[in-house]
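Following: one structure in structure tokens, then a few remarks.
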Amino acid sequence: MLLGYANLGSRSYSTLAGRTARHNLEVSLLLDLQMAGGWKIGTGYRTTIGSQSQRSHTVDVHVEVRF
């Protein structure tokens, strides 16, 4: 996989996907609430279940305001 920045015009660096990138199942539950005045509040939970009983859990909280 080649990665780069849009303003540089060339590929800056590369990486190889490891074996852990395969055979994973990711499940997400997300909730966003649109508030008055351009505010948005959200939360989410993600879990990844991989081969060999590997698991990962993530909880996200974000606040967004438009002005």
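The values are calculated or read from the model by the stated rules, or taken from the named source; none is laboratory data. What you are looking at is a predicted structure, and each value in this text was computed from that prediction instead of being measured. Ideal geometry is used to build each Cβ from the backbone, glycine not excepted, and the neighbour counts take in all protein chains shown.
Among the residues making up segment 43-60, those that are at pLDDT below 90 and either on the phi > 0 side of the Ramachandran plot or of a type in the set (K, R) (or both) are Q52, S53, R55.
Of all residues in segment 24-67, those satisfying the criterion of being surrounded by 10 or more Cβ atoms within 10 Å (Cβ to Cβ) and assigned to a loop (DSSP other than H, G, I, E, B) are N24, M35, G50, Q54.
Given the criteria aromatic (F, W, Y), in contact with a strand residue (DSSP E or B) (Cβ under 7 Å, 6 or more places away or on another chain) and modelled with pLDDT under 75, does Y13 qualify? When the stated conditions are applied, Y13 passes them.
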